[in-house]
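**Student:** After the structure tokens below, expect a handful of questions from me.
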Amino acid sequence: MKGLIFELSIPKYVLAKGIGGMYPKLHYGRGSCLSLRELASPTLPGPDWVRLRPLAVNPLLPCRLRGIQPPCKPCASGQENGCENTAEGCLAPGQMLGFQKDLPGGMSTEMVAHPSQLHPLPQGVGDKAGVLVGAAGLLERVDWTTVWRNELTLLGAYVYGPERFRDGRKHTFDLVLELLARREGPDPSMLVTTHTFPLARYQEAIEANLARGRHQSVKTVFDLRENP
Ligand SMILES: [Zn+2]
């Protein structure tokens, strides 16, 4: 499989932190810590984990998936998004898929996840609309990508978890998918996904995110279906 790899090199990292503002390609160009590589397929952590086809994936790796008993206080109360164990248990350190060494994220041609992390797209919700689920802030018209990218601090809200909405309580992903299926979310004809790239053009994808005004970009995604 192919995947984007961030391989930490202290000199490259220090150089990018120091003058990356003036020379952004130090963060993602040739000679940076980021590269597209041919990789071995990730190993399944256990028999109940699966390889993925297109789906919405909740990337969190809480106590339950780390085999930790008893779970931490937030997990025990059903707030797995507040899990305090990000480096313990049977998985490598890292709070979510794509942010730890054994379980790569979606910037690759394959990934693995636990079945409980999967949220199938309902009838009528296409791939492009499904992309919005990860940016679940659409409920409040917030572009969470900007929040992540600028490392802003938010108090009182974090990633995906149980949501109170109207008369019920549902997981963020299920709620957003339901709204998309009911067309209560954004009109799929006016989706915020403005740019798609094959993985091989990842540097252009990063540039489209860095210079949003020039590229007129809102959400940039990798489309691996035909030409990864
Ligand atoms: Zn926990």
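**Student:** If the viscosity is 1.002 mPa s and the temperature 20 °C, what translational diffusion coefficient in µm²/s does Stokes-Einstein give for segment 1-40 when Rh comes from Kirkwood over Cα pairs? Could you put the intermediate results ahead of the total?
**Tutor:** Working: Rh = 10.4 Å.
Answer, rounded: 205 µm²/s.
**Student:** Please sort by residue number the GluC sites (Glu not before Pro) in segment 20-91 whose DSSP state is loop and whose Cβ has at most 14 other Cβ atoms within 10 Å.
**Tutor:** Glu84, Glu88
**Student:** Work out the length of the dipole vector of segment 1-40 about its Cα centre, built from +1 on the beta-carbon of each Lys and Arg and -1 on the beta-carbon of each Asp and Glu, and round it to the nearest 20 debye. List each step's numbers first, then the result.
**Tutor:** Numbers: 6 positive and 2 negative charges, 19 e Å.
Dipole size: approximately 100 debye.
**Student:** Hey, another quick one. Over 27 Å between Cα atoms, which of Lys170/Lys219; Lys12/Lys73; Lys73/Lys219; Lys101/Lys170 qualify?
**Tutor:** Lys12/Lys73; Lys73/Lys219; Lys101/Lys170
**Student:** Which ³J(HN,Hα) values in Hz, rounded to whole numbers, follow from the phi angles of segment 37-47 under the Karplus curve 6.51 cos²θ - 1.76 cosθ + 1.60, where θ = phi - 60° and Gly and Pro get x?
**Tutor:** 10, 7, 10, 5, 4, x, 7, 6, x, x, x
Only the coordinates and a few stated rules stand behind these numbers; no lab work does. Note that the structure is predicted; figures quoted are calculated from it, not measured. Here Cβ is always computed from backbone atoms with ideal geometry, including for glycine, and neighbour counts include all displayed protein chains.
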